[in-house]
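The values are calculated or read from the model by the stated rules, or taken from the named source; none is laboratory data. The model shown is predicted, which means the values in this text are computed figures rather than measured ones. When we count neighbours, we look across all protein chains shown, and the Cβ atoms used for this are built from the backbone with ideal geometry, even at glycine. Accessible surface is based on the protein model in full, side chains and every heavy atom, while ligands, DNA and RNA are left aside. Shrake-Rupley method; radii C 1.70, N 1.55, O 1.52, S 1.80 Å.
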Amino acid sequence: MFSSRRSFLQTTGCGFGYLAASALAQRQAWAAGTPGMGRQPHHAPRAKRVIFLFMQGGVSHVDSYDYKPRLLKDDQKIIDIADPRTVAKTGKGSPQRLKQPLWEFAQHGESGRWASNLFPHINRHVDDLCFLHGMHTEGVAHGPATLFMHTGTTSFIRPSMGAWVMYGLGTENENLPGFVTISPSLGNGGPRNYGNAFLPALYQGTPLGRSGLPSKEATIKNIVNTTWTPEQQRRQYELLGALNAQQLRPGDNEIEAVIQSYELAWRMQNKAPDALDLAQESESTLNLYGIGEKTTDNFGRQCLMARRMAEQGVRYIQVNYGDNSNNPAWDQHSNLPKHGDHAAAVDKPIAGLLTDLKQRGLLEDTLVWWGGEFGRTPYAERNGTGRDHNPAGFTVWLAGGGVKAGFAHGATDDIGFQAVEGKVHMHDLHATVLHLLGLDHEKLTFNYAGRDFRLTDVHGHVVKEILA
């Protein structure tokens with residue numbers, strides 16, 4: 001005798017109980033606006049899905065997309081800068097030595113957007129990009145700033161943005177997860193960066209691989225049953241479904257979420273391996289992403305997986321470039337030339353992704369978001385060969401999905417330290433991404449512990465200036 005339905009689910013058939021019988025209940029729940037497919041947006045969406053290209057550690061904007069002639073003119077000049085950490089300790093600014101960009105800037109495309117030769121392949125796509133030069137955020141250290149970018153808070157346990165999107169819209173494909181994160185880092189937020197917090201468990205992201213492992217190994221664990229034949233699995237599925245039909249009780253959201261996850265796992269056995277099989281792609285497509293080349297193979301595979309999942313209806317896709325160290329990837333405090341190595345690894349794959357999405361007609365309703373948790377300072381750090389964290393002003397870019405192409409919004413001051421025009425807080429960026437997906441960030445709420453929560457808390461506004 002089982003003491004509860006939960007123990008029954010956990011014990012019978014290795015936890016695969018209640019699968020078939022819950023199918024009808026699942027669809028009824030979806031229709032009622034709880035976990036699942038086909039939920040209605042608040043307004044007409046411009047984008048159906050998001051691909052977020054996370055550059056962990058903070059790319060230097062003044063070395064990539066934020067051209068500041070004064071840094072060339074006043075290279076090595078010492079000026080007083082009100083760095084927030086120094087001001088917090090001493091109440092005043094501190095002398096800092098300006099450092100010119102290590103990469104040469106030029107104007108690109110018909111739009112004439114300024115960009116350095118750090119990303120030569122992406123530069124060919126500037127007429128498709130929408131630059132936000134007035135970004136600013138919360139958190140000076142990687143952990144808080146990364147959490148803030150993913151969840152809208154620097155320290156509290158809150159749902160990730162992908163979980164909020166799933167909660168608001170559901171998935172387009174019932175045979176695949178609606179929210180996927182590729183090669184996520186174990187640190188600086190770790191699973192919280194794709195977690196569901198107090199939202200139903202169905203909305204959490206599904207990790208493919210992890211940072212530090214080859215992307216060839218980025219797959220969904222235990223997706224293939226090597227013990228039983230498909231016929232044996234089907235018979236078990238049907239038997240457990242019949243047994244559990246008697247256990248069905250409406251309104252138990254936690255168990256319903258577990259059951260729906262198991263149902264999804266059942267369906268994914270047939271669909272997910274095919275979705276992740278890059279061998280189905282043509283040689284020209286593999287070359288486009290740099291797959292097969294030593295420098296670009298790893299991230300190229302991540303970007304191509306993202307396109308394949310976007311094509312098959314995955315709603316929110318995180319593509320992570322980083323590692324599991326305390327000073328991740330782009331975090332060059334004392335070795336800024338290392339930016340060149342990282343750029344070489346991601347430049348061609350990202351350009352390939354943009355090309356591929358555009359030629360397949362997917363860029364029109366796919367929002368691509370590129371950026372890190374913050375930028376870097378315009379002054380030198382330590383031995384003069386690096387740059388420190390800078391949350392006060394930096395650049396991200398968007399493409400497709402309803403934003404203006406070949407457009408630049410906002411600006412930092414004349415040295416690239418602080419956002420001064422067209423300022424966009426991370427809360428504002430979150431609100432804008434949700435808006436493009438057809439979601440009103442003020443209406444997308446979840447009641448928990450006696451109050452309504454939302455991704456942007458009590459902040460955020462839609463940056464209408466960038467909408468196409």
Next item on the list: Using a cut-off of under 19 Å, list every residue of segment 390-413 whose amide N is near the label point 7 Å from the Cα of LYS464 along the Cα-to-beta-carbon line.
Entry: 402-405, 408-410
Item checked: Cβ-defined net charge surrounding ALA405, 13 Å radius [Lys, Arg +1; Asp, Glu -1] -> 0
Checklist line | Loop trypsin sites (Lys or Arg not before Pro), segment 366-468, which have at most 13 other Cβ atoms in a 10 Å radius of their Cβ (DSSP) | finding: ARG382, LYS443
Next item on the list: Compute the label zone of ASP457 within segment 113-149: residues whose backbone N is under 12 Å from the point 7 Å along Cα-to-Cβ.
Entry: 138-139, 148-149
Next item on the list: With an 8 Å cut-off on Cα pairs and a minimum separation of 6 or more residues, tell me the relative contact order of segment 333-468 in percent.
Entry: 20
Margin query: Are there any chymotrypsin sites (Phe, Trp or Tyr not before Pro) in segment 299-355 that are in a DSSP loop and have at most 15 other Cβ atoms within 10 Å? List them by number.
Written below: none
Check: Quick one: which of LYS99/LYS338; LYS294/LYS348; LYS358/LYS464; LYS73/LYS338 span more than 18 angstrom between C-alpha atoms?
Finding: LYS358/LYS464; LYS73/LYS338
Checklist line | With DNA, RNA and ligands ignored, accessible area of HIS461 (1.4 Å probe; Å², nearest 10) | finding: 90
Checklist line | Label-reachable residues, segment 366-387, where backbone N falls under 16 Å from a point 7 Å from SER155's Cα toward its Cβ | finding: none
Item checked: Nearest-0.05 FRET efficiency for ARG234 and LEU213, computed from C-beta distance (R0 35 Å) -> 0.60
Notebook entry, point to check: Using r as the Cβ-Cβ distance of THR385 and GLU442, and R0 as 41 Å, what FRET efficiency do you calculate, to the nearest 0.05?
Noted result: 0.35
Checklist line | Cα→Cβ-extended label distance, 7 Å offset, between ASN225 and ASP414, nm | finding: 7.0
Next item on the list: Note down the accessible area of LYS68, probe 1.4 Å, to the nearest 10 Å².
Entry: 30
Check: Largest first, what is the accessible-area ranking of THR295, THR285 with a 1.4 Å probe?
Finding: THR295, THR285
Note to self: What figure, in Å² to the nearest 10, do you get for the accessible area of ARG97 with a 1.4 Å probe and non-protein molecules left out?
What the structure shows: 110
Margin query: At 0.36 nm per residue, and after removing the present C-alpha to C-alpha distance, how many nm does the segment from ASN287 to HIS333 gain when stretched out fully?
Written below: 13.2 nm
Check: Which FRET efficiency value, to the nearest 0.05, do you get for SER94 and LYS294 by plugging their Cβ-Cβ distance into 1/(1 + (r/R0)^6) with R0 = 45 Å?
Finding: 0.60
Next item on the list: Note down the nm distance, to one decimal, between modelled labels 7 Å out along Cα→Cβ at GLN40 and at GLU421.
Entry: 4.3
